[in-house]
Amino acid sequence: MVFESNRSGSRELWICDSDGGNQAQLTSFTGPVTGNGRWSPDGSQIAFDSRPEGHSQIYSISSKGGPAHLLTNDAYDSLAPSWSHDGRWIYFGSNRGGTWQIWKMLAQGGDAVRLTNQGGYEALEAPDGQSIFYNKYGYFTMGLFRRRLDEDTETRIL
(Lines give C-alpha, C1' and ligand atoms only; values in the text may rest on other atoms or scores of the structure.)
Protein backbone atom coordinates (compact mmCIF):
# COMPACT_ATOMS: atom_id res chain seq x y z
CA MET A 1 0.00 0.00 0.00
CA VAL A 2 1.05 3.59 -0.49
CA PHE A 3 -0.28 6.32 1.80
CA GLU A 4 0.35 9.88 2.96
CA SER A 5 1.48 10.67 6.49
CA ASN A 6 2.95 13.61 8.38
CA ARG A 7 4.50 11.41 11.09
CA SER A 8 7.98 12.54 9.98
CA GLY A 9 7.06 16.21 10.47
CA SER A 10 6.01 16.88 6.87
CA ARG A 11 3.48 15.26 4.56
CA GLU A 12 5.33 12.46 2.74
CA LEU A 13 4.57 9.19 0.98
CA TRP A 14 4.93 5.96 2.90
CA ILE A 15 4.52 2.33 1.88
CA CYS A 16 3.55 -0.76 3.83
CA ASP A 17 2.37 -4.34 3.41
CA SER A 18 -1.34 -4.93 2.90
CA ASP A 19 -1.70 -5.79 6.61
CA GLY A 20 -0.09 -2.46 7.63
CA GLY A 21 3.26 -4.02 8.56
CA ASN A 22 6.71 -2.98 7.37
CA GLN A 23 5.93 0.72 7.10
CA ALA A 24 8.65 2.80 5.48
CA GLN A 25 8.93 6.43 4.42
CA LEU A 26 9.35 6.71 0.65
CA THR A 27 9.77 10.46 0.00
CA SER A 28 11.69 13.17 1.86
CA PHE A 29 10.65 16.55 0.49
CA THR A 30 10.45 17.97 4.06
CA GLY A 31 7.89 20.67 3.55
CA PRO A 32 5.53 20.72 0.61
CA VAL A 33 2.34 18.71 0.40
CA THR A 34 3.19 15.37 -1.20
CA GLY A 35 0.49 12.83 -2.02
CA ASN A 36 -1.80 11.07 -4.48
CA GLY A 37 0.54 8.08 -4.75
CA ARG A 38 -0.40 5.45 -7.35
CA TRP A 39 1.38 2.13 -7.96
CA SER A 40 2.45 1.22 -11.50
CA PRO A 41 0.79 -1.95 -12.81
CA ASP A 42 3.98 -3.98 -12.32
CA GLY A 43 4.52 -2.61 -8.80
CA SER A 44 7.98 -1.23 -9.54
CA GLN A 45 7.15 2.51 -9.49
CA ILE A 46 4.88 4.95 -7.72
CA ALA A 47 3.67 8.14 -9.41
CA PHE A 48 2.68 11.04 -7.15
CA ASP A 49 2.43 14.81 -6.95
CA SER A 50 4.33 17.29 -4.82
CA ARG A 51 4.94 21.04 -4.81
CA PRO A 52 8.49 21.78 -3.63
CA GLU A 53 8.76 24.82 -5.93
CA GLY A 54 5.21 26.08 -5.34
CA HIS A 55 3.36 24.47 -8.26
CA SER A 56 2.25 20.86 -8.00
CA GLN A 57 4.29 18.61 -10.29
CA ILE A 58 4.22 14.90 -11.17
CA TYR A 59 7.02 12.63 -9.96
CA SER A 60 7.81 8.93 -9.97
CA ILE A 61 9.89 6.94 -7.52
CA SER A 62 10.98 3.33 -7.29
CA SER A 63 8.77 1.36 -4.92
CA LYS A 64 12.01 0.21 -3.26
CA GLY A 65 13.03 3.81 -2.51
CA GLY A 66 15.67 6.10 -3.94
CA PRO A 67 15.49 9.52 -5.56
CA ALA A 68 12.24 10.88 -6.93
CA HIS A 69 12.20 11.71 -10.65
CA LEU A 70 10.50 14.92 -11.78
CA LEU A 71 8.21 14.15 -14.75
CA THR A 72 6.54 17.55 -15.27
CA ASN A 73 8.28 20.86 -14.78
CA ASP A 74 6.32 23.96 -15.67
CA ALA A 75 4.63 27.02 -14.20
CA TYR A 76 1.24 25.25 -13.91
CA ASP A 77 -0.20 22.74 -11.49
CA SER A 78 -0.22 19.05 -12.43
CA LEU A 79 -1.68 16.55 -9.99
CA ALA A 80 -3.51 13.29 -9.25
CA PRO A 81 -1.45 10.94 -11.47
CA SER A 82 -2.68 7.48 -12.45
CA TRP A 83 -1.21 4.76 -14.65
CA SER A 84 -2.45 3.22 -17.86
CA HIS A 85 -3.22 -0.51 -17.63
CA ASP A 86 0.03 -1.35 -19.44
CA GLY A 87 2.21 1.09 -17.45
CA ARG A 88 3.17 3.01 -20.57
CA TRP A 89 1.30 6.26 -19.77
CA ILE A 90 0.56 8.44 -16.77
CA TYR A 91 -2.70 10.39 -16.75
CA PHE A 92 -3.00 13.56 -14.68
CA GLY A 93 -5.00 16.74 -14.24
CA SER A 94 -3.40 20.06 -15.09
CA ASN A 95 -4.32 23.69 -15.61
CA ARG A 96 -1.46 24.14 -18.12
CA GLY A 97 -3.86 25.08 -20.90
CA GLY A 98 -5.61 27.73 -18.80
CA THR A 99 -8.37 25.45 -17.53
CA TRP A 100 -8.27 22.10 -15.72
CA GLN A 101 -8.09 19.24 -18.23
CA ILE A 102 -6.90 15.62 -18.32
CA TRP A 103 -3.50 15.04 -19.89
CA LYS A 104 -1.28 12.02 -20.47
CA MET A 105 2.46 11.60 -20.89
CA LEU A 106 4.84 8.69 -21.28
CA ALA A 107 5.67 7.14 -17.90
CA GLN A 108 9.30 8.26 -18.31
CA GLY A 109 8.17 11.87 -18.78
CA GLY A 110 8.22 14.06 -21.86
CA ASP A 111 5.66 16.08 -23.75
CA ALA A 112 2.10 15.78 -22.48
CA VAL A 113 -0.97 15.34 -24.67
CA ARG A 114 -4.30 16.90 -23.68
CA LEU A 115 -7.20 14.41 -23.69
CA THR A 116 -10.18 16.52 -22.62
CA ASN A 117 -11.50 19.86 -23.81
CA GLN A 118 -14.52 20.41 -21.56
CA GLY A 119 -12.83 20.07 -18.17
CA GLY A 120 -11.04 17.33 -16.29
CA TYR A 121 -9.32 16.99 -12.95
CA GLU A 122 -8.41 13.41 -12.08
CA ALA A 123 -8.72 10.30 -14.23
CA LEU A 124 -8.44 6.53 -14.13
CA GLU A 125 -8.12 4.32 -17.16
CA ALA A 126 -10.65 1.53 -17.68
CA PRO A 127 -9.19 -1.98 -17.22
CA ASP A 128 -9.47 -2.64 -20.97
CA GLY A 129 -7.42 0.49 -21.77
CA GLN A 130 -10.08 1.84 -24.14
CA SER A 131 -11.51 4.67 -21.99
CA ILE A 132 -10.77 6.99 -19.12
CA PHE A 133 -13.18 7.87 -16.34
CA TYR A 134 -12.74 11.27 -14.75
CA ASN A 135 -14.01 13.97 -12.46
CA LYS A 136 -14.25 17.32 -14.20
CA TYR A 137 -14.22 19.86 -11.44
CA GLY A 138 -11.91 18.70 -8.66
CA TYR A 139 -12.23 17.03 -5.32
CA PHE A 140 -15.59 16.98 -3.55
CA THR A 141 -17.62 17.63 -6.71
CA MET A 142 -20.34 15.56 -8.29
CA GLY A 143 -20.07 14.02 -11.72
CA LEU A 144 -18.28 11.14 -13.36
CA PHE A 145 -17.48 11.24 -17.07
CA ARG A 146 -16.11 8.76 -19.59
CA ARG A 147 -14.12 9.44 -22.71
CA ARG A 148 -13.10 6.72 -25.13
CA LEU A 149 -9.45 7.19 -26.03
CA ASP A 150 -10.16 6.69 -29.73
CA GLU A 151 -12.90 9.37 -29.85
CA ASP A 152 -13.19 13.02 -28.93
CA THR A 153 -16.55 12.84 -27.15
CA GLU A 154 -17.42 12.45 -23.53
CA THR A 155 -20.36 10.79 -21.78
CA ARG A 156 -21.67 11.75 -18.37
CA ILE A 157 -21.93 8.56 -16.30
CA LEU A 158 -23.12 9.99 -12.96
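The values are calculated or read from the model by the stated rules, or taken from the named source; none is laboratory data. Because the structure is predicted, anything quoted here is derived from the model rather than measured. Positions of Cβ are generated from backbone atoms using ideal geometry, with glycine treated the same way; all protein chains shown enter the neighbour counts. Side chains included, ligands, DNA and RNA excluded: accessible areas come from the protein's heavy atoms. Shrake-Rupley method; radii C 1.70, N 1.55, O 1.52, S 1.80 Å.
General observations
- Positive contributions from Lys and Arg (+1) and negative ones from Asp and Glu (-1), summed over other residues with Cβ under 12 Å from the Cβ of Val113, come out at +2.
- Spin-label pair Asp128-Asp74: with each label point 7 Å from Cα along the Cα-Cβ axis, the two points sit 3.2 nm from one another.
- Carbon + sulfur, % of accessible area of the range 20-158 - ligands and nucleic acids excluded, 1.4 Å: 50 percent
- A Förster distance of 35 Å, applied to the separation of the beta-carbon atoms of Leu149 and Ser18, puts the FRET efficiency at 0.70.
- Simple point charges give the picture: +1 on the Cβ of Lys and Arg, -1 on the Cβ of Asp and Glu, and for the chain a dipole about the Cα centre of about 240 debye.
- Potential lengthening of the chain between Asp86 and Leu158 amounts to 23.3 nm, from the contour at 0.36 nm per residue minus the alpha-carbon distance.
- Per residue, the average separation of C-alpha pairs within less than 8 Å and at least 6 apart gives the chain a relative contact order of 12 percent.
- Summed over the residues of the chain and divided among them, the accessible surface reaches 53 Å² per residue at a probe radius of 1.4 Å.
- Selected from Ser18, Ser78, Ser62 as most flexible by GNM, with the chain as the system and alpha-carbon contacts under 10 Å: Ser18
- Where chymotrypsin sites (Phe, Trp or Tyr not before Pro) in DSSP loops with at most 10 other Cβ within 10 Å are excluded, longest remaining stretch of the chain: 1-138
- Cα-centre dipole for the range 69-153 with unit charges at Cβ (Lys and Arg positive, Asp and Glu negative), debye to 20: 140 debye
- Rounded if a/c under 1.5, otherwise prolate or oblate - the range 28-117, Cα gyration tensor axes: oblate
- Whole-Å distance, taken between Cα centres, linking the range 23-39 and the range 59-119: 16 Å
- Trypsin sites (Lys or Arg not before Pro) restricted to DSSP loop in the range 1-51 with at most 15 other C-beta within 10 Å: Arg7
- Overall form of the range 112-157 per C-alpha gyration tensor (a/c, 1.5; a/b vs b/c): prolate
- Shape of the chain, Cα gyration tensor, a/c cut at 1.5: prolate
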